[in-house]
Every structure is written in C-alpha cells, then in structure tokens.
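Just so you know, all these numbers are worked out from the coordinates, no wet-lab data involved. Just so you know, these numbers come straight off a predicted model, no measurement behind them. In this analysis, Cβ positions are derived from the backbone assuming ideal geometry, glycine residues included, and neighbour counts consider all displayed protein chains.
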Amino acid sequence: MKTIKYETQKGFTVLELMIVLVIVGILASIVIPTYQNSVIKAQREDGMAALVAASSEQERFRAEWASYTDIMGQQNGACPGNIDCGLNLGTVVGGVVETEGGFYEISVDVSPIPGNPDAAGACGPGATPCTSFRFTATPIGRQVDDPCGFLTIDNQGNRGSEANDRQLCW
C-alpha cells in the first residue's frame, strides 16, 4: 500500500494578512487621537502652573509695593527710588515670558480700575496703584492645537480660557 504524503503550507494567506491590517487600523484610529488629546492636556498643565506661579509673584509684588505691575522681569531702577524691581518670572522677550515647558507665552495686563484689567490708564509703583491684573497664557508650538486656546487668571482668582469651558480647560 502506498501512503500519500500531503505537504502542509507554511505562512499566511492574503486574506489573513488583510484581516490583521484592518484590526490594526481600527485600533490605531482609536488609540492615536486619545494619546494626542492626553499629550495636549498634559502640556496645558505647563500653562496653568505658570499662570498660578505668576499670580503668586504678582501678589508678592503688591505686598511690597502696594500696586500690581506689568514689569515681567527684573528691571534696573523701575521702581521709586531707582530700585530694581519687577516680577521674577524668567527671561522676558518681546514683553512675554515663555513657560518652562515651552508650550505657552505669558503676558500681563494691569489697570488702575478694580476688577477691570482691560481699562486704560497708567499705573504702577510710585504712580496710581494698579489694582487689577490678568495674566494670559497663549499657546505656542505644538500646543496651538489645544481646543482650550489661551488660558487666563486674574487678581480675583478667576480662571478662564478662549474656549470658555472652565471644567474642560482648568
């Protein structure tokens, strides 16, 4: 009696490979956007931490000079008596300070009118006291895709964002 020997095939069929590719594609379409959103949210923490630190520095300045200031870095002779003063927020370039992580630029508005940092008027140490401020963190680089946009904090502790969604953005 003769035995018939069957050769077994080795490898995968095209159909099996296509099924695997479809599964990988579906998983990637779910995982990648979730990962990107998590990265943006984590980078948003850089802006929030910088705003809280800037607000604290502004309150420290006001305790010493009885006024808020828009002097973002230490400036020679900027305060009465030719004293060096300003907020110790880091290196100022073009009137803004870049956050530690490099995802936001911090700027400040001050006003002599309580609760209204948008109001015009000269104020500062040795002049009419600045009684309100608002720091703004503007996203830069990869962070510009953040749906929250810019973040803000003012002298009353109000926190906001361009998206106007405090729950999502803070």
So, over other residues within a Cβ distance under 10 Å of Asp146, counting Lys, Arg +1 and Asp, Glu -1, the net charge is +1
Could you give me the ³J(HN,Hα) list for the stretch 105-114, computed from phi with Karplus coefficients 6.51, -1.76, 1.60 and θ = phi - 60°, whole Hz, x at Gly and Pro? 10, 9, 10, 9, 10, 10, 8, x, 9, x
For the chain, modelled as a GNM with alpha-carbon contacts under 10 angstrom, which of Ile23, Ile153, Ile113 fluctuates the most? Ile23
Share of pairwise Cα separations in the stretch 37-115, more than 17 Å, in percent: 49 percent
Cα-based convex hull volume of the chain per residue, rounded to whole Å³: 160 Å³
Can you figure out the FRET efficiency of Thr13 with Gln36, using R₀ = 30 Å and their beta-carbon distance, to the nearest 0.05? 0.30
Once phi is turned into θ = phi - 60°, what whole-Hz ³J(HN,Hα) does the Karplus curve with 6.51, -1.76 and 1.60 give for every residue of the stretch 126-135, x standing for Gly and Pro? x, 10, 4, x, 7, 10, 8, 8, 8, 8
Would you kindly state the longest site-free stretch of the chain, with sites defined as trypsin sites (Lys or Arg not before Pro) in a DSSP loop (not H, G, I, E, B) surrounded by at most 10 other Cβ atoms within 10 Å? 11-170
Which net charge results when you count Lys and Arg as +1 and Asp and Glu as -1 among the other residues whose beta-carbon is under 12 Å from that of Phe103? -4
Tell me the angle of helix 14-65 to the major Cα principal axis of the chain, expressed in degrees between 0 and 90 and rounded to the nearest ten. 10 degrees
